[in-house]
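Worksheet: one structure, shown below.
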Amino acid sequence: MRQQLITADQVLPGPAGHRIADGAVLIQDGIILAVGPRAAVEGLTSPTAERQHFPDGTILPGLINCHVHLVFDACGDPARAAAEATHTELAERADQLLRSGVTTVRDLGDRDGAAIEFRDQHSRGPRIVASGPPITVPDGHCWFLGGAADGEAELRARVRQNAELGADVIKVMASGGQITPNSPSMWESQFTTAELAAIVDEASKAGLPVAAHAHGTDAIAAAADAGVATIEHCTWLREGGGGYDLRDDVAAKIAERGIFACVAWPSDWRGFMNRLGSARADQVASRFEWMTEHGIRMIPGTDAGAGSSGFDNYAGALQLYEHLGFDREHIIEMATTTSAEALGIGDTTGQLAPGLSADLLVTAGDPLADLANLGRLELVTVKGRPAALQTR
Ligand SMILES: [Zn+2]
């Protein structure tokens, strides 16, 4: 039996609304045993426990990045990066995520199951929830990852194949994207609603949720009708391109069905907004507001590896939501408790509560006072195991 007692100026156990001043977390064999005021938790602690005290620190659940690609290298040639990705490269990227406070990542697209294999071989990094090769159409968005399928029978077979590879989630490219030459446009749907429903049906037989990449409003609507668990990007592009098509009925359905939206913006979202120009950046902000007004729950991710999105600075990525008007407490909740629920792992991680895995952070300073403090880390643990925070 190994006990660890971590004490700090405050504990934010999650969800929003809970704060323990002068608090403590007691861990036994990687599992949280108790959380509460320091004096009370100390009373439960064995005399031989390891003790760490952070007088100016905040203890909170480890962050979840809901959209990454460990096989991509953020250098703009994803097909080559995925083809050449080595175990060492994946380990470096996973370590970078961990050092930025990310204790769980959802990998939404690898090549031939590389991230799944990595998940099973690499015990020291963040917790990994992985999809394997995204399902797409022949010559469609990210076909080079090996997940192309044509027609319902092939789609169902592809789902079963990913499940057999060990996937935790099925990823489908419901619309086109940006990074594949000579493939459908971003606004264009790659599958019919019936095809997406067949994928959801086959995935549910294997006990797996479906994450749908969808930029176009038509693809978003089809994904919502098919009953996916999360919609990635959720850009609401109008059919034929040129502007947005914000359909109230579709937004209402997403909210009503409890489907989460992961817009997956990079840490350098300010640069992205500058490139859009202020008029379109304002449109983007109002689109987020409109989704929130409809009650759509959002979860954060960065699409790390794709485009120029790196694996570091998750605190910077979360500041996007502050810019959009979310309060800090709810941003932290989004990146922890809500994300864990969306990924179906809320009984394992996402909060500090007895029985859950000791996936936690200690920040120097209060993240409720300044969200940037999420990047000033004193301690990161996954399953109670401390991560090396210095770059090797
Ligand atoms: Zn992606």
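Numbers below:
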item: Dipole magnitude of the stretch 1-71 about its Cα centre (Cβ charges: Lys, Arg +1; Asp, Glu -1), debye to nearest 20; result: 100 debye
item: Accessible surface of the stretch 63-312, 1.4 Å probe, proportion on carbon and sulfur as whole %; result: 45 percent
item: Cα-projected label distance for THR348 with ASP139, points at 7 Å along beta-carbon direction, nm; result: 3.9 nm
item: Hz values of 3J(HN,Hα) by residue in the stretch 140-148 - Karplus curve (6.51, -1.76, 1.60), Gly and Pro given as x; result: x, 4, 6, 4, 5, 7, x, x, 6
item: Cβ-defined net charge surrounding PHE118, 9 Å radius [Lys, Arg +1; Asp, Glu -1]; result: -3
item: Per residue solvent-accessible surface (Å²) - the stretch 63-312, probe of 1.4 Å; result: 38 Å²
item: Cα gyration tensor, the stretch 27-75 - rounded (a/c under 1.5), prolate or oblate; result: prolate
item: Gap separating the Cα centres of the stretch 288-348 and the stretch 203-279, nearest whole Å; result: 14 Å
item: J(HN,Hα) series, the stretch 335-349, from Karplus relation 6.51 cos²θ - 1.76 cosθ + 1.60, nearest Hz, glycine and proline x; result: 7, 10, 4, 5, 5, 4, 5, 4, 8, x, 10, x, 8, 10, 8
item: Coordinate range along principal axes, alpha carbons of the chain, Å, largest first; result: 64, 43, 37
item: Residue with peak Gaussian network fluctuation, the chain [Cα springs, cutoff 10 Å], from CYS66, CYS234, CYS75; result: CYS75
item: Cα gyration tensor, the stretch 290-352 - rounded (a/c under 1.5), prolate or oblate; result: oblate
item: ILE31 long-range amide H proximity, modeled H, under 5 Å; result: ALA358
item: Crossing angle, helix 217-226 versus the chain [Cα axis fit, 0-90 degrees, rounded to tens]; result: 70 degrees
item: Dipole magnitude of the chain, debye to nearest 20 (Cβ charges: Lys/Arg +1, Asp/Glu -1, about Cα centre); result: 660 debye
item: Values of log10 I(q)/I(0), in the order q = 0.11 Å⁻¹, for the stretch 129-279 under a Debye, Cα-only, solvent-free model; result: -0.40
item: Per-residue HN-Hα couplings for the stretch 271-278 [Karplus 6.51, -1.76, 1.60; θ = phi - 60°; Hz; x = Gly/Pro]; result: x, 4, 5, 4, 5, 5, x, 5
item: Dipole magnitude (debye, nearest 20) for the stretch 1-151, charges at Cβ of Lys, Arg, Asp, Glu; result: 540 debye
item: Amide proton proximity set for ARG297, modelled H, under 5 Å, gap of 5+; result: ALA261
item: Amide H contacts of GLU232 (H built 1.01 Å from N, under 5 Å, at least 5 apart or other chain); result: ALA212, HIS213, ALA214, CYS262
item: Per residue convex hull volume, Cα atoms of the stretch 188-342, in Å³; result: 118 Å³
item: Length-normalised contact order for the chain - Cα pairs under 8 Å, 6+ apart - percent; result: 20 percent
item: Positive minus negative residues near LEU108 (Lys, Arg vs Asp, Glu; Cβ under 12 Å); result: -3
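The values are calculated or read from the model by the stated rules, or taken from the named source; none is laboratory data. Worth saying up front: this structure is predicted, and the values here are computed from it rather than measured. Ideal geometry is used to build each Cβ from the backbone, glycine not excepted, and the neighbour counts take in all protein chains shown. Surface areas here come from the heavy atoms of the whole protein model, side chains and all, with no ligands, DNA or RNA. Shrake-Rupley method; radii C 1.70, N 1.55, O 1.52, S 1.80 Å.
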